[in-house]
Amino acid sequence: MIRDIVAIFGVIAGFTYYVMTVRNAQRNQHHQLETRQAQLFTQLALGITTTEGMRKYMEVLNWEWEDYHDFEMKYGSDNNPQAFAMRMSIWGMYQLVGKLLKEGLISLDLVYTLISDTAIWQWAKWKDVIEEQRRRYYTSDFMAEWEYLCSELMRHKEELGFSWEPLATMGKYIPDEV
């Protein structure tokens, strides 16, 4: 009988050890996933937060045009491949961040903290151009992940008690009135 009790306690101890090992492995795996997500997002955010990234960001943000035809003449891929490449590198970064957010691979709080206003300002600047390109080229999902990103960021901003009203000048300095 004592031998049976010892065997039962051995099985219980072995099972307990197994459960604890599995839980520990799950915790480690979860921590590694969070670390990889942070590293991935940091690499993406560096595209904007470096000096060169901010220079490109502000240059693109300050482009001006009268209508879509004027935009194409000044900044379209046929007439200005350099401007096209600069614009698409920024758009592509936001598109990728939107996809990662939609898939749950990065958190909304992290994205909000690091690139909230930059993504929203650029979207406000380019929304009409993107919608025109969707119509002209029959790609209704063109930059859809970036649009999703901005809608989530604006919703989150409102939940935190902040409002969003795009500046008419799109990032240009507005002096205080005297």
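The values are calculated or read from the model by the stated rules, or taken from the named source; none is laboratory data. Worth saying up front: this structure is predicted, and the values here are computed from it rather than measured. Glycine gets a Cβ as well: all are built from the backbone with ideal geometry, and neighbour counts include every protein chain shown.
Can you spot a residue in region 59-67 that is assigned to a helix (DSSP H, G or I) and among the aromatic types (Phe, Trp, Tyr)?
In the first step, residues of region 59-67 are kept if they are assigned to a helix (DSSP H, G or I); the result is 59-61.
Now drop any that are not among the aromatic types (Phe, Trp, Tyr), which leaves none.
No.
Restricting attention to region 129-166, which residues are of a type in the set (Asp, Glu), in contact (Cβ under 8 Å) with a residue 12 or more places away in the chain and surrounded by fewer than 16 Cβ atoms within 10 Å (Cβ to Cβ)?
Going residue by residue through region 129-166, those that are of a type in the set (Asp, Glu) are 131-132, 141, 145, 147, 152, 158-159, 165.
If we keep only those that are in contact (Cβ under 8 Å) with a residue 12 or more places away in the chain too, we end up with 132, 145, 147, 152.
Answer for region 129-166, where residues must be of a type in the set (Asp, Glu), in contact (Cβ under 8 Å) with a residue 12 or more places away in the chain and surrounded by fewer than 16 Cβ atoms within 10 Å (Cβ to Cβ): just GLU132.
Return the residue satisfying two criteria in turn: it lies in region 1-44 and is touching a residue at least 60 places away in the same chain (Cβ under 8 Å) and of a type outside the set (Phe, Trp, Tyr), and of such residues it is nearest to LEU114 (Cα to Cα). If you could, list the steps in order and put the result at the bottom.
Looking only at region 1-44, we keep the residues that are touching a residue at least 60 places away in the same chain (Cβ under 8 Å), and these are 37-38, 40-41.
Applying the additional criterion that residues be of a type outside the set (Phe, Trp, Tyr) yields 37-38, 40.
Values: GLN37: 14, ALA38: 11, LEU40: 13 Å.
Looking at the filtered set, the residue picked out is ALA38.
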- Query: Residues THR139, THR118: which one is more than 27 Å from GLN32 (Cα to Cα), β-branched (Val, Ile, Thr) and part of a loop (DSSP other than H, G, I, E, B)?
  - Reply: THR139
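I need the full set of residues from region 76-86 which are outside any loop (DSSP other than H, G, I, E, B) and not aliphatic (A, V, I, L, M), in order please. Don't jump to the end; show me each part of the working.
First, the residues of region 76-86 that are outside any loop (DSSP other than H, G, I, E, B): 81-86.
PRO81, GLN82, PHE84 - these are the residues of region 76-86 that are outside any loop (DSSP other than H, G, I, E, B) and not aliphatic (A, V, I, L, M).
So that you can scan it fast, the table gives a plain yes or no per residue for (1) of a type in the set (Val, Ile, Thr); (2) in contact with a Lys or Arg (Cβ under 7 Å, 6 or more places away or on another chain); (3) part of a helix (DSSP H, G or I); (4) more than 27 Å from GLU152 (Cβ to Cβ):
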residue: VAL6; (1), (2), (3), (4): yes, no, yes, yes
residue: VAL19; (1), (2), (3), (4): yes, no, yes, yes
residue: ASN28; (1), (2), (3), (4): no, no, yes, yes
residue: GLU34; (1), (2), (3), (4): no, no, yes, no
residue: LYS74; (1), (2), (3), (4): no, no, yes, yes
residue: MET88; (1), (2), (3), (4): no, no, yes, no
- Go over the candidates GLU152, GLU158 one by one and state the one that is at pLDDT below 95 and of a type outside the set (A, V, I, L, M, F, W, C). GLU158
- Task: Report yes if some residue within region 135-158 is in contact with a Lys or Arg (Cβ under 7 Å, 6 or more places away or on another chain) and more than 30 Å from HIS30 (Cβ to Cβ); otherwise report no.
- Result: yes
- Message: TYR112 - would you say it is closer than 25 Å to ALA144 by Cβ and either touching a Cys at 6+ places or on another chain (Cβ under 6 Å) or not in a loop (DSSP other than H, G, I, E, B) (or both)?
- Response: yes
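Name the one entry in THR35, THR42, THR21, THR51 that is surrounded by fewer than 10 Cβ atoms within 10 Å (Cβ to Cβ) and of a type outside the set (A, V, I, L, M).
Values: THR35 fails: surrounded by fewer than 10 Cβ atoms within 10 Å (Cβ to Cβ); THR42 fails: surrounded by fewer than 10 Cβ atoms within 10 Å (Cβ to Cβ); THR21 fails: surrounded by fewer than 10 Cβ atoms within 10 Å (Cβ to Cβ).
Among THR35, THR42, THR21, THR51, only THR51 is surrounded by fewer than 10 Cβ atoms within 10 Å (Cβ to Cβ) and of a type outside the set (A, V, I, L, M).
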- Message: touching a helix residue (DSSP H, G or I) at 6+ places or on another chain (Cβ under 7 Å), under 14 Å from ILE115 (Cα atoms) and at pLDDT 90 or above: which single residue out of GLY47, GLY98, GLY76, GLY53 fits that description?
- Response: GLY98
- Message: Taking the conditions exactly as written (under 14 Å from GLU145 (Cβ atoms) and touching a residue at least 60 places away in the same chain (Cβ under 8 Å)), does GLN122 satisfy them or not?
- Response: yes
